[in-house]
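No value in this document is a laboratory result; all are computed from the given coordinates. On a predicted model such as this, the values are computed, not experimentally measured, just so you know. Cβ atoms come from the backbone with ideal geometry, glycine included; neighbour counts cover every protein chain shown.
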Amino acid sequence: MPTSFYRFANIMGGTESASRDMQQHTNEITFEHHGPVTLLDIRGDITSFSEPFLNQAYQSANDQGAGKILLKIGNDAYINSGGIGVLIQILALTKQNNQLIGITGISDHFKKIFNMVGITKFAAIHDSVENALEVMG
C-alpha cells in the first residue's frame, strides 16, 4: 500500500518533442516500502519538467531513511535527455548518501541507452520488481 503519493502535470511545449508539443501528461509517483527497499513507482514521462517532482520524491524517501531505493519506471514512459539528466542527478545523490539504487520497468531501448550513458555503472537494471526486491532486499 502506498505511503506517499505525488501527482503532477507536465505541460510539454517548445523543444521537448515536435510530436508532443503542447500535450499535457499527468505523472504520478507513489512510495511503497518493501522491507528495507523503498519503491518509487513513477508513472508517466520523465523530462526536465519532472525534475522538481522527482527530486521532491527522492528527498522525501531520503528523509524517511531509505537506504535502498528502487525506481520503477513505466515501460511505455517517454524519457528524453532532460529526463536522463534528472535520473543522473538522483543517482549522484544516492551515491553521496551511500544508498543502493536500482531501476526496473524500462524498455529494452532504454536499457541500451542507460548502458551507453553510464547509468548502469551506478544503478542495477532489474527485469522485474520481484527480481529487484529479491536482489536488493
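Label-point separation (nm) for Glu51 and His33, each offset 7 Å from Cα along Cα-to-Cβ?
Output for this residue pair reads 3.1 nm.
List, in order, the whole-Hz ³J(HN,Hα) value for each residue of the stretch 38-45 obtained from phi through the Karplus relation with A = 6.51, B = -1.76, C = 1.60 and θ = phi - 60°; use x for Gly and Pro.
Per residue, the Karplus-derived 3J(HN,Hα) values read 9, 9, 9, 8, 9, 10, x, 6 Hz.
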